[in-house]
Amino acid sequence: MRSGFFAGLLLATVSATAAFAQGAPIKLADVAELSGGGATVGNNWKNGIDLAIEEINAKGGVLGRKLEVTHADSQSNPGVARAQVQKALDNEPYVLLGPGYSGSVKVTSPLAAEAGIAQIMGGEAAELTQGGNKFLFRTSFGQQSSMPKVAKYINDELKAKSVAVVWVNNDFGKGGRDVITKEFAKYNIKVAADLSTEAGQADFAADVSKIKAAAPDAVFIYLNEEESARILKELKRQAVTVPLMGETTLVGQKVVELAGDAANGARGHVGLTTDAPVDLVKAFREKFVKKYNYVPDHNGLKGYLAIYMIKATTDKMGKVDPKAFADTLHGLTIKAANEPGILMDVTFDEKGDIDRQGFLVEIVEGKQVVKQVLPKLN
Amino acid sequence: MSNLLDLLVAGLATGAIYALVAVGFTLLWQTSQTINFAQGEFVMLPAFLMLAVMHAGAPFWLAIILGILLSLLLLGLGFKLLLVDPMLRHGVLPLAIATMALAIGMKEAVKQFFSAEASPFPSIVPAGDVSILGRVISLQSLGVLALAIAVVIGLTLLLNRTSIGHQMQATAQNPTVARIIGVPVERMILLTFLINAFLVALASLLITPIYLAKFSSGEVLGQAAFIAAIVGGFNQVRGAIAGGLLIGVVDNLAAAYVSTQYRAAVPMVLLIVIILFRPQGLLGRPEERTV
């Protein structure tokens with residue numbers, strides 16, 4: 001009786017191990033801003049992830065194994081994000097996805113690095129990839145890549161000699177403000193007003209009054225999506241007519257939806273946009289709209305790309321190995337011709353930063369119009 | 001100087017909306033000793049009711065009417081019958097805590113059934129600008145200010161010049177005596193709840209195009225209006241109006257001349273100073289209670 005029991009137990013163990021090795025789903029963990037101030041960011045990111053996983057699983061998965069993801073809500077709060085990431089890592093995921101807010105990435109990335117799990121995130125603060133963390137990867141440009149392009153555009157195209165800088169007082173905003181003011185100094189562009197605002201701020205009347213008083217040639221706005229929409233409305237309300245320039249968030253789909261007419265004329269650099277003149281991006285947009293019934297912003301693209309980064313890296317390794325994942329992704333170039341889900345050719349450097357083509361866009365009649373395509377550097 | 005004019009106009013426009021909400025605070029307190037800590041969420045909800053009606057295919061004007069009617073039903077009648085009446089008999093404090101719970105419930109419900117993300121909301125005031133004293137001022141700011149002032153004047157006339165207003169005041173001052181002289185006290189109390197519901201619906205209509213419709217948008221508003229009511233005088237409608245306008249202007253001036261980071265603290269400092277030197281508020285009347 002007892003020998004029969006052990007034989008059965010052994011058989012069950014062997015079967016389970018074999019299933020894990022061959023057919024068991026590959027577990028991914030996502031921690032994102034599903035509520036709170038970053039809900040737009042987190043929900044777009046989550047939907048992009050779910051769409052990519054659905055596509056990949058429909059085609060047989062990665063190396064024959066299905067992808068399976070759990071989503072956890074950081075409530076746009078770094079403290080909650082840290083707790084959720086710790087909980088997610090306890091379940092030993094293959095790769096950690098998110099968060100999107102730089103402040104949340106900053107407090108969670110040491111946990112993932114300690115666990116030896118690659119973290120593919122949406123944060124854009126320059127400092128995130130400067131600390132030598134070998135497990136952290138971006139899905140979009142860091143500020144150190146995008147801000148020089150913005151400053152160059154303001155100098156060359158707008159010919160502005162003085163700029164009011166409005167930024168959100170968190171890791172994302174402060175990082176962007178520090179990089180752009182350094183870049184302005186290179187062009188001798190004067191910072192006419194340096195305005196720090198709060199995350200979740202509802203009333204921008206006083207800030208816009210200060211901008212009017214400073215009389216700049218242009219305004220650089222670096223806020224999260226909802227705040228970007230509110231300040232655009234207030235700028236229109238107070239009849240500010242100088243060019244408005246931003247980076248990614250200012251000209252995002254959600255901002256355009258929330259700000260309405262007030263978004264018209266806003267310009268910005270975007271690393272990812274669903275209005276990009278790229279066939280694969282257009283196809284992605286159609287699939288996303290069909291599934292979710294709205295046009296995603298760049299965060300939807302980021303989430304989608306994160307999953308195809310996992311697929312391409314795993315295919316390259318030929319095995320599901322969480323420990324070797326980060327090493328493989330460093331220095332990897334993924335070509336859209338080989339992996340269409342990656343949408344545009346992309347290269348990851350040793351820090352986890354990316355090199356990919358970018359776009360300069362303007363909002364015209366409520367739509368992003370690509371004015372310039374900035375090619376991939378290498 | 002010109003910058004100051006911009007700040008004053010913007011501050012008065014926001015302050016007028018705070019005043020509407022603060023008046024609701026004082027009305028409920030005076031007639032039924034209700035401190036409604038869900039007042040900010042009461043401003044948030046009507047916008048979502050109107051959006052829900054619009055999503056069903058109705059035009060904006062119909063959404064406004066239905067939104068206000070639904071607000072009267074839910075935030076006026078429903079609030080009184082389902083929460084205030086059962087809780088008030090246990091004292092003011094349990095009721096205040098119950099309204100805090102209601103605030104959390106309303107926020108979470110909107111987040112779950114509508115969205116955690118902000119939504120755009122149309123403005124009833126057309127876009128455009130006018131020039132006043134050489135400054136370009138938006139029609140939206142002026143429209144919000146004008147509408148809010150019109151409502152406040154209307155309410156003041158109702159309270160001071162009509163029989164119903166006198167009965168409401170009698171109810172607020174001494175419900176026992178009011179009942180003896182034939183005032184339908186219960187009906188007057190219900191009327192104040194309905195007026196509060198109308199005021200928050202109107203505030204919602206005016207503020208949401210600027211702040212956007214979001215489940216958490218009531219937090220800031222509720223706090224600002226509560227401070228405004230105390231600063232102006234919790235037991236006087238005119239005090240709440242003055243307090244609302246003052247807080248709106250002080251908030252804007254603080255953001256411009258003190259610091260954006262400390263702007264939220266400045267009205268609270270003002271509140272502390274006024275409590276220390278004039279506990280009844282700027283225009284309130286002293287109240288004494290026996291124990």
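A short reminder: the numbers here are calculations on the coordinates, not readings from a lab. Note that the structure is predicted; figures quoted are calculated from it, not measured. Note that we place each Cβ from the backbone using ideal geometry, even for glycine, and neighbour counts take in every protein chain shown.
When only Cα pairs below 8 angstrom with a gap of at least 6 residues are kept, the stretch B:2-217 shows a relative contact order of 40 percent. Checking the cross-link pairs B:107/B:214; A:106/A:335; A:66/A:134 against a 18 Å limit on the alpha carbon distance flags A:106/A:335; A:66/A:134 as lying beyond it. Our helix-only sum for chain B, with -39,500 (n - 2.57) per DSSP H run of n ≥ 4 divided by its residues, gives a mean residue ellipticity at 222 nm of -23000 deg cm²/dmol. For the stretch A:41-75 versus the stretch B:228-260, the spacing of their alpha-carbon centroids is 49 Å. Beyond 19 Å, what percent of the Cα pairs of the stretch A:23-143 remain? Value for the stretch A:23-143: 43 percent of Cα pairs lie more than 19 Å apart.
Note on residue B:262/residue A:182: beta-carbon distance plugged into 1/(1 + (r/R0)^6) with R0 of 25 Å gives a FRET efficiency of 0.35.
For the stretch A:91-148 and the stretch B:57-103, write down the distance between their C-alpha centroids in whole Å. Measuring centre to centre over Cα atoms gives 45 Å. Lysine pair count for the stretch A:144-270 with Cα-Cα distance under 15 Å and sequence separation of 8 or more or different chains is 18. Dividing the summed -39500 (n - 2.57) terms of all DSSP H runs of n ≥ 4 by the residue count of chain A sets its mean residue ellipticity at 222 nm at -14500 deg cm²/dmol. For the stretch A:296-371, trypsin sites (Lys or Arg not before Pro) meeting the loop criterion (DSSP other than H, G, I, E, B) and having at most 16 other Cβ atoms within 10 Å: A:319, A:335. Projecting each Cα onto the charge dipole of the stretch A:144-270 (Lys/Arg +1, Asp/Glu -1 at the beta carbon, about the Cα centre), which of A:259, A:148, A:176 comes out farthest on the positive side? Going by the Cα projections, it comes out as A:148. Neighbouring Cβ atoms from other chains, within 10 Å of the Cβ of residues in B:212-218, number 4 on average. Exposed loop positions in chain B were taken to be GluC sites (Glu not before Pro) whose DSSP state is not H, G, I, E or B and which have at most 11 other beta-carbon atoms within 10 angstrom. Between these positions, the longest stretch is B:1-286. Computed from Cα atoms, the angle from the helix A:78-90 axis to the main principal axis of chain A rounds to 20 degrees. Under the criterion of Cα pairs below 8 Å and six or more residues apart, the relative contact order for the stretch A:144-270 equals 26 percent.
With contacts taken as Cα pairs under 8 Å and at least 6 residues apart, chain A reaches a relative contact order of 16 percent. The Cα atoms of the stretch B:161-217 give a gyration tensor whose axes a ≥ b ≥ c have a/c of 1.5 or more with a/b greater than b/c, which makes the shape prolate. A simple charge model with +1 on the Cβ of Lys and Arg, -1 on the Cβ of Asp and Glu and nothing else charged puts the dipole of the stretch A:294-378 at about 140 debye relative to its Cα centre.
Placing unit charges on the Cβ atoms of the charged side chains and taking the dipole of the protein assembly as shown about its Cα centre, the candidate lying farthest along the positive direction among A:320, B:198, B:3 is B:198.
May I ask for the angle, rounded to the nearest 10°, between helix A:279-292 and the longest principal axis of chain A, with both axes built from Cα atoms and the value confined to 0 to 90°? So the inclination is approximately 80 degrees. Would you work out if the stretch B:2-217 is rounded, prolate or oblate? Take a ≥ b ≥ c from the square roots of the eigenvalues of the alpha-carbon gyration tensor; rounded if a/c is under 1.5, else prolate when a/b is larger than b/c, oblate otherwise. In terms of gyration-tensor shape, oblate. Annotation: aspartates and glutamates with alpha-carbon distance below 20 angstrom to residue A:59 (same-chain offsets under eight excluded): A:50, A:68, A:286, A:315, A:339.
Other protein chain C-beta atoms within 10 Å of residue C-beta, averaged over A:232-241: 5.
Comparing B:222, B:22, B:68 along the charge dipole axis of chain B, the residue lying farthest to the positive side is B:22, per the Cβ-charge model. Shape of chain A from the C-alpha gyration tensor: prolate (a/c of 1.5 or more and a/b above b/c, with a ≥ b ≥ c the square roots of its eigenvalues). Scanning chain A for GluC sites (Glu not before Pro) in DSSP loops with at most 11 neighbouring Cβ atoms within 10 Å leaves A:1-349 as the longest stretch between them. Loop exposure criterion: trypsin sites (Lys or Arg not before Pro), DSSP state outside H, G, I, E and B, at most 10 other Cβ atoms within 10 Å. Applied to chain B, the longest stretch between such sites is B:90-288.
Axis angle, to the nearest 10 degrees, between helix A:102-115 and the longest C-alpha principal axis of chain A: 20 degrees.
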